[in-house]
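Written out below as structure tokens is the structure these notes cover.
Just so it is clear, none of the values below were taken in a lab; they were calculated from the coordinates. This is a predicted model, so every value here is computed, not measured. Neighbour counts are summed over all protein chains in view; Cβ atoms, including those assigned to glycine, are modelled from backbone coordinates with ideal geometry.
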Amino acid sequence: MIDRILIELDKGLKILSTTPNKNRKRPDEGLSEATSLSLEDKENHAKYMRVNHSGEICAQGLYRGQLFFNKNKEIESKLKEAASEEVDHLAWCESRINELNGSTSKLNPLLYIGSFGIGAIASIVDEKYNLGFLSETEAQVALHLDSHIKKINPADKKTLKIIQSMKEDEENHKESAIKMGGVELPNLIKKIMGAASKIMTTTTYRV
Ligand SMILES: [Fe+2]
Ligand SMILES: [Fe+2]
């Protein structure tokens, strides 16, 4: 058990402190940078990408937390596959934030630890809730990505393309969690998750 905790600590520190490797190329690679963006646009877009980056930190924490107690091999391989796609998202967000002269959130270590705990608890409760929890998380992430798409200046095709690709991936993660047997969560849990994600998105927009 101690070994596993140390491995998790190492993984968490790596996610929080190093630039992740990109497995897939950034979806906006062929698009050119908009020249008409104001400084204010750039600042705002960097903040939205910071929120998205923190969302991905939470996703990593959730996946690692869910894997910690999970014994089902099929769920394990799906979680690992989705987690590796989330690493791409993390890398895309981080490099775009740098291009827009923004910074990642100082709250990320806290968010990671909190998400890990939530994921671990969900996986202890019941396998089908574990998957239901995953599909609900993905659905909520896709929703907030959609709200960002509406707020980004359409001239910034690069940022938009990254967010759109992430949204498609999240929707696929959601579908695969449902296919594997994820059940719909009770409404109260969904509301609590929605409130937690609202707190995450509003705080990381600022810090
Ligand atoms: Fe993601
Ligand atoms: Fe996802």
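Assorted remarks:
- A simple count of charges around Lys73, restricted to other residues whose Cβ falls under 14 Å of its Cβ and scoring Lys, Arg +1 and Asp, Glu -1, yields -1.
- Under 30 Å from Lys128, Cα to Cα: lysines that are on another chain or at least 8 residues apart: Lys11, Lys14, Lys71, Lys73, Lys78, Lys80, Lys167, Lys174, Lys179, Lys190, Lys191, Lys198
- Charge sum, other residues only, whose C-beta stays under 14 Å from Ala196's C-beta, Lys/Arg counted +1 and Asp/Glu -1: +2
- Among Lys128, Lys161, Lys150: highest mean-square fluctuation, GNM of the chain, C-alpha pairs under 10 Å: Lys150
- For the chain, the longest principal axis of the Cα atoms and the long axis of helix 187-206 meet at an angle of about 40 degrees.
- Acute angle (nearest 10 degrees) that the helix 39-69 long axis makes with the longest principal axis of the chain, alpha-carbon atoms: 10 degrees
- Scattering curve values for region 38-206, log₁₀ I(q)/I(0), Debye with Cα scatterers, q = 0.13, 0.14, 0.20 Å⁻¹: -0.59, -0.68, -1.31
- For the chain, built as a Gaussian network whose Cα springs stay under 10 Å, the top-fluctuating residue of Leu134, Leu62, Leu110: Leu110
- Calculated FRET efficiency, Thr202 to Lys71, Cβ-Cβ distance, R0 = 30 Å: about 0.25 to the nearest 0.05.
- Along region 103-120 the Karplus relation, 6.51 cos²θ - 1.76 cosθ + 1.60 evaluated at θ = phi - 60°, assigns HN-Hα couplings of 9, 6, 7, 6, 7, 3, x, 5, 5, 4, 4, x, 5, 4, x, 4, x, 5 Hz to successive residues, with x for each Gly and Pro.
- C-alpha long axis of helix 73-99 to longest principal axis of the chain, angle in °: 20 degrees
- Cα shape, region 154-207, gyration tensor, a/c 1.5 rule: oblate
- Most fluctuating residue given options Ser123, Ser135, Ser38, as computed from a GNM of the chain linking Cα atoms under 10 Å: Ser38
- Per-residue ellipticity at 222 nm from helix content only, as computed over the chain with -39500 (n - 2.57) for each DSSP H run of at least four residues, stands at -27000 deg cm²/dmol.
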